[in-house]
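Each value in this text was obtained by applying a stated rule to the coordinates, not by laboratory testing. Computed from a prediction, not measured in an experiment: that's the story for all the values here. Cβ placement follows ideal geometry from the backbone for every residue including glycine, while neighbour counts extend to all protein chains displayed.
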């Protein structure tokens, strides 16, 4: 399907929730190419999205026309395992407040960013959108996954009951500028990048990698993800409506590159990019997580979008941008 998108965002008021995070900052960079007349943002200190009254006041005052809901409490296996209550409670509060206010104050389109962890642990591969809720979730991030599934269902329910136009975008594992390198909270790619960098700087002989290294993961550069989100938001009315108006299919689209690799292969690639000469030590006492999470991205390709940044190129760009400043927490 060849879809030519004219930008409906140009000249519109656009709110990016979570604009300083990995996903939100990438969306901000991409929005800069849309010549939007008015991009609205608030830091957490300025607007607590878990506060329903504050969110409603913000929407009442600003009246955004389009919303990118990229705000969320996120983290890797350790963070999910040690703070499960925060991951389900805070994410439910954020998305319920923003989606509810979007309906109450007439937002035209809303894009809700989820995660590939919404899918069952032992999914057929590659993972199609309709596999959501077809099996048990991975235990290490179940509270977060349940919150994100609830967000998709909330968008779908509002679309059916109120005629809203809310869509869910489920990206695979993201990496890029403004990622977190905190070893207790970060995901596997930035954690390994920091470990390799610090080992190289200190002259260490080895880097420890969690798990067996045999599980497979897919990674997407955050600017590719942002481009996909803008592409979705700009879809022509008839195409967009076919996604958000379905009674039988959730308004959900996978965003990924369609290729994966083992964690061992990832670690070896990062070692090469960083220039670390030591060995990799795999700690099999630590959890692996889901065996494989490769997304089926055929629907996005049919809509005229696909990823463009190769993994090695993306990792090199991220590492180069961080080296002069040091790896940030």
Problem set entry | Peptide ranges 241-249, 58-66, 182-190 listed from the most packed, as the mean C-beta count within 10 angstrom indicates | 182-190, 58-66, 241-249
Exercise. Using the Kirkwood formula over every pair of different C-alpha atoms, what hydrodynamic radius in Å results for the stretch 5-52?
Worked result: 11.5 Å
Problem set entry | Label corresponding to semi-axes √(5λ) of the Cα gyration tensor in Å when calculated from the structure given, among [x] 35, 21, 17; [y] 47, 36, 18; [z] 33, 21, 20 | [z]
For this session: Counting helices only, and only those DSSP H runs with n ≥ 4, report the 222 nm mean residue ellipticity of the chain as the sum of -39,500 (n - 2.57) divided by its residues, in deg cm²/dmol to the nearest 500.
Result: -12500 deg cm²/dmol
For this session: May I ask you to order 262-268, 175-181, 39-45 by the average number of other C-beta atoms within 10 Å around their residues, highest value first?
Result: 175-181, 262-268, 39-45
Exercise. How many angstrom separate the Cα center of the stretch 70-143 from the Cα center of the stretch 26-58?
Worked result: 20 Å
For this session: Scale the Cα Rg of the stretch 143-188 by the rule-of-thumb value 2.2 N^0.38 Å and send over the ratio, two decimals.
Result: 1.57
For this session: Would you mind ranking 320, 7 by Cβ crowding within 10 Å, fewest neighbours first?
Result: 320, 7
Problem set entry | Per-residue Cβ neighbour rank within 10 angstrom, fewest leading, 255, 88, 127 | 88, 127, 255
For this session: Considering only 306, 125, 161, give the residue with the highest GNM mean-square fluctuation for the chain, with springs between Cα atoms whenever their separation is below 10 Å.
Result: 161
